[in-house]
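Student: Pasting in a structure now, in structure tokens, and then I'll have a few things to ask.
The values are calculated or read from the model by the stated rules, or taken from the named source; none is laboratory data. Quick caveat, the model's predicted, so the values are computed rather than measured. Neighbour counts run over all protein chains shown; Cβ positions are idealised from the backbone, glycine included. The area values use the complete protein model at the heavy-atom level, side chains included, leaving out ligands, DNA and RNA. Shrake-Rupley method; radii C 1.70, N 1.55, O 1.52, S 1.80 Å.
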Amino acid sequence: MAHLQALFVALFIFAAVFDKGLVHANFPKSIYITWGAQHAAFTGIGDDLQLVLDQTSGSAVQSKRAFLFGSVEMLIKLIPGNSAGTVTAYYLSSMGSQHDEIDFEFLGNSSGQPYIVHTNIYTQGKGNREQQFYLWFDPTADFHNYTIHWNPTEIVWYVDSLPIRVFRNYESQGIPYPNEQGMRVYSSLWNADNWATRGGLVKIDWKSAPFIASFRRFRARACKWNGPVSIMQCASNIPTNWWTSPVYSQLTFAQMGQMNWVRRNYMIYDYCKDTKRFNGQMPPECFKQQL
Ligand SMILES: *[C@@H]1O[C@H](CO)[C@@H](O)[C@H](O)[C@H]1NC(C)=O
Ligand SMILES: *[C@@H]1O[C@H](CO)[C@@H](O)[C@H](O)[C@H]1NC(C)=O
């Protein structure tokens, strides 16, 4: 009897630990290193990832699975100190020349100078939809939550749960929307000192290397892509497809207020305002409401 009890206790502990492992040991399970194997490391109990850049290499990872709709969440602590010339990227992308892509990129800066959060979206191979922001906190001091949510009606970029950008589905009006290609999650750290900091004016100072960006608690609460059958499956309005619930089809009034606050105070570039670049022929989505 005592034996049996001991066995149950052991099983219980094992189950609890194992269960915890499934939830937390997320990086090695769900992501693999694609570049700079000596420069990327899973740490802790598998819930942390570090990407390193030095003069020999940068590094990159990608998710094993592709997804279509849902939320992809990552806590990121950016390179402290002098990070000028570096880019830390975190994005979703499908493959091929007609690919879809939803980007967060973090452009480093000299010590004490602000990082730029660079966002973009590609639909069927076409990008050129950059919006850039400063942050309202020091992104190198601690981990912050960068989340991409996308569903059949809209895509929202979140920073610490504040929406900073929306791209709505106006497909019925001829504007392509990313809803037919599974996307993997990618993160990378590389040398982009030909453009990143003050447009390429500030070069990487290798004396500050190695540069380390830290990632934590990657979660893809998203529909798994199993090929073209997923186009219908992931978009169908059923309870398990929580992202299709009407509450995610539009920001709440409170969220609209938050987004306006961010955009009013921290937005530094908007392609929709760059009439010179587009020679007056503004992209059609610039005339639509993005909420
Ligand atoms: C990150 O932000 C998303 C979007 O607001 C939220 O759903 C999620 O719970 C947050 N995760 C953490 C760990 O705070
Ligand atoms: C770096 O700092 C300069 C000076 O404050 C600023 O103009 C620039 O936008 C910052 N960010 C980047 C990535 O260049």
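Student: Are there any pairs, at least 6 apart or on different chains, whose C-beta atoms fall under 7 Å, with the first in region 152-171 and free of Cβ contacts under 8 Å to residues at least 12 places away in the same chain and the second in a strand (DSSP E or B) and open to solvent by less than 10 Å² (accessible area, probe 1.4 Å), and if so, which?
Tutor: Going by the 7 Å Cβ cut-off, there are no qualifying pairs.
Student: How many residues, within region 131-158, are touching a Phe, Trp or Tyr at 6+ places or on another chain (Cβ under 7 Å), of a type in the set (A, V, I, L, M, F, W, C) and within 16 Å of ligand 2 (Cβ to nearest atom)?
Tutor: Final tally of qualifying residues: 3.
Student: Of the residues that sit in region 273-291 and are touching a residue at least 24 places away in the same chain (Cβ under 8 Å) and part of a helix (DSSP H, G or I), which one is farthest from ligand 1 (Cβ to nearest atom)?
Tutor: Here the residue is PRO284.
Student: Using the structure shown, decide if ALA213 is within 16 Å of ligand 1 (Cβ to nearest atom), surrounded by 13 or more Cβ atoms within 10 Å (Cβ to Cβ) and under 25 Å from LYS29 (Cα atoms).
Tutor: Judged against the criteria, ALA213 is not a match.
Student: Now for a different question. Quick check on my filter: what residues within region 134-153 are open to solvent by less than 30 Å² (accessible area, probe 1.4 Å) and away from ligand 1 (no atom under 16 Å from the Cβ)?
Tutor: Residue satisfying the conditions is THR140 alone.
Student: Here is a further query. Name the residues in region 49-102 that are in a loop (DSSP other than H, G, I, E, B), within 16 Å of ligand 2 (Cβ to nearest atom) and either closer than 27 Å to VAL247 by Cβ or open to solvent by less than 10 Å² (accessible area, probe 1.4 Å) (or both), would you?
Tutor: The answer is LEU78, ILE79, SER83, ALA84, GLY85.
Student: Can you go through ARG216, ARG198 and tell me which one is of a type in the set (D, E, K, R) and in a strand (DSSP E or B)?
Tutor: Checking each option against the conditions leaves just ARG216.
Student: Looking at (1) in contact (Cβ under 8 Å) with a residue 60 or more places away in the chain; (2) under 15 Å from the mean Cα position of the chain (by Cα); (3) within 16 Å of ligand 1 (Cβ to nearest atom), find the lone condition where GLN250 falls short.
Tutor: GLN250 satisfies all of (1) in contact (Cβ under 8 Å) with a residue 60 or more places away in the chain; (2) under 15 Å from the mean Cα position of the chain (by Cα); (3) within 16 Å of ligand 1 (Cβ to nearest atom) except (2).
Student: Could I ask something else about it? Quickly run through region 238-247 and pick out the residues that are without any contact (Cβ under 8 Å) to a residue 24 or more places away in the chain and either touching a Ser or Thr at 6+ places or on another chain (Cβ under 7 Å) or not hydrophobic (A, V, I, L, M, F, W, C) (or both).
Tutor: PRO239, THR240, SER245, PRO246
Student: Let me ask something additional. What number of residues within region 154-194 are open to solvent by 10 Å² or more (accessible area, probe 1.4 Å), out of contact with any Asp or Glu (no Cβ under 7 Å at 6 or more places or on another chain) and outside any loop (DSSP other than H, G, I, E, B)?
Tutor: Qualifying residue count for the region: 10.
Student: Still on this structure, I have one more. Hey, can you tell me all the residues within region 111-130 that are open to solvent by 10 Å² or more (accessible area, probe 1.4 Å), of a type outside the set (Gly, Ala, Ser) and either touching a strand residue (DSSP E or B) at 6+ places or on another chain (Cβ under 7 Å) or more than 16 Å from ligand 2 (Cβ to nearest atom) (or both)?
Tutor: Across region 111-130, the qualifying residues are TYR115, ILE116, HIS118, TYR122, GLN124, LYS126, ASN128, GLU130.
Student: A further question on this structure: Looking only at region 195-210, which residues are away from ligand 2 (no atom under 16 Å from the Cβ) and open to solvent by less than 50 Å² (accessible area, probe 1.4 Å)?
Tutor: Within region 195-210, just ALA209 meets the criteria.
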